[in-house]
Amino acid sequence: MYLIPSNEMLNKARSQGYAVPAFNVHNLETVQIVAETAAEMSSPVIMAGTPGTFSYAGIDYLVSICKSAAKLHNLPFALHLDHHEVVPDIETKIKAGVRSVMIDGSHLPFSENIALVSKVTTLCHRYNISVEAELGRLGGQEDDLVVDAENSFFTDPDVAAEFIAKTGVDSLAVAIGSAHGLYHGEPKLDFQRLAQIQRRVDIPLVLHGASGIPEAMVKRAIELGICKVNVATELKIAFADAVKKYFAQFPEANDPRQYMTPGKSAMKQIIAEKIRICGSAGKL
Ligand SMILES: [Zn+2]
């Protein structure tokens, strides 16, 4: 099979009331375990890579590994550009085979965010590539993207409708209280705001920073229009903790085929749990 645009998956999820989980991948092992778990559970999934991930793994390597996973499991996957900000960089990755893009102009003034997103949607729609944008600004840290509390702000429902009408974007990441990285204390989501956004817009909504958000809150968010749930930090922690535990037990270990395996198994449990919470199992 092949890499597909994510809006095919997201529009189906929206019409049927579930969400597609988007997992951040980094290398062969993380792609393998996301693909394997998704195939076993017949779940649509999106594999996401930040600019830092593509720099680390190499664009062609990452695209090739994801294509191989799709072929091996005979499933369509979306490989998605997470938090990309630079148009020529996006063009390069489209040429390499990526068909799902997030253009993050959330740091820009409203009119500049509109201009940037419009430019990317015009480019991408020519090739049937789906585009996600962000309005409002999430706090926290994801790779090189760091936003402190002072500079984060929530999505305004009226402004969201205007933004979508002016940009033609396919899906919208909303800021309703979630944050990248780890939460200090119980996360709070503004469901009233999400309900207002859902009433004003008619495209799939995206929840970033879902690591550490309790199951009931994620499910409520899905009921209110969230169709894509991004998970990165929880996977990293599970993988790293399992590898650290392995080395604590076997300090002399040096074979990646052995010490990577418990990391993959730990990651698989989180992936399976998120697929279950999103309600996407059996939806392929
Ligand atoms: Zn994000």
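The values are calculated or read from the model by the stated rules, or taken from the named source; none is laboratory data. What you are looking at is a predicted structure, and each value in this text was computed from that prediction instead of being measured. Here the Cβ is made from the backbone with ideal geometry for all residues, glycine too, and neighbour counts use every protein chain on show. When the accessible area is computed, the model is the full protein with side chains, heavy atoms only, and any ligands, DNA or RNA have been set aside. Shrake-Rupley method; radii C 1.70, N 1.55, O 1.52, S 1.80 Å.
Below are the figures for this structure:
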item: Long-range HN-HN contacts of residue 43 with modeled amide H, under 5 Å; result: 282
item: Length-normalised contact order for the chain - Cα pairs under 8 Å, 6+ apart - percent; result: 22
item: Cα centre as origin, Lys/Arg/Asp/Glu Cβ charges: region 1-93 dipole, Debye; result: 280
item: Using θ = phi - 60° and Karplus 6.51 cos²θ - 1.76 cosθ + 1.60, couplings along region 88-93 (whole Hz; Gly, Pro as x); result: x, 5, 5, 4, 4, 6
item: Distance (nanometres) between label positions extended 7 Å along Cα→Cβ at residue 247 and residue 92; result: 3.1
item: Simple Cβ-charge dipole of the chain, Lys/Arg +1 and Asp/Glu -1, about Cα centre, in debye nearest 20; result: 880
item: Highest to lowest packing among 129-140, 181-192, 81-92, scored as the average C-beta count within 10 Å; result: 129-140, 81-92, 181-192
item: Gaussian network model of the chain, Cα within-10 Å springs - most flexible of 109, 262, 76; result: 109
item: Long-range HN-HN contacts of residue 174 with modeled amide H, under 5 Å; result: 206, 208
item: Hz values of 3J(HN,Hα) by residue in region 233-247 - Karplus curve (6.51, -1.76, 1.60), Gly and Pro given as x; result: 4, 4, 5, 4, 5, 4, 4, 5, 4, 5, 5, 4, 5, 5, 5
item: Integer Hz, Karplus 6.51/-1.76/1.60 couplings in order for region 266-271, x for Gly and Pro; result: 5, 5, 4, 4, 5, 4
item: FRET efficiency, residue 11 to residue 110 (Cβ-Cβ, R0 25 Å, nearest 0.05); result: 0.45
item: Modelled FRET efficiency - R0 30 Å, residue 188 with residue 158, Cβ distances, 0.05 increments; result: 0.85
item: Extension reserve of the residue 220-residue 255 stretch, reckoned as 0.36 nm per residue once the Cα distance is removed; result: 8.3 nm
item: Selection from 209, 175, 163 lying farthest towards where the dipole of region 162-284 points positive, charges on Cβ; result: 163
item: DSSP-assigned coil residues among trypsin sites (Lys or Arg not before Pro) in region 20-109, each with at most 10 further Cβ atoms within 10 Å; result: none
item: Convex hull projection area averaged over all views, region 1-51, Cα basis, nm²; result: 4.0
item: Computed over the chain, Kirkwood Rh from alpha-carbon pairs, angstrom; result: 18.8
item: At 1.002 mPa s and 20 °C, Stokes D of region 46-125 from Kirkwood alpha-carbon radius, µm² per second; result: 162
item: Förster-model FRET efficiency, 25 Å R0, residue 67 and residue 269, C-beta, rounded to 0.05; result: 0.45
item: Over the chain: helical MRE at 222 nm, DSSP H runs n ≥ 4 each giving -39500 (n - 2.57), nearest 500; result: -16000 deg cm²/dmol
item: Angle in degrees between helix 28-41 and the longest Cα principal axis of the chain, rounded to the nearest 10; result: 80
item: For region 186-284, convex hull volume per residue from C-alpha positions, Å³; result: 112
item: Residues of type lysines that residue 67 reaches as a straight line, Cα spacing below 18 Å, ignoring anything fewer than 8 places off in the same chain; result: 93, 95
item: Whole-percent carbon and sulfur share, accessible surface of region 151-277, 1.4 Å; result: 53
item: Total charge dipole magnitude, region 208-284, about the Cα centre, Cβ charges on Lys, Arg, Asp, Glu only, Debye to nearest 20; result: 220
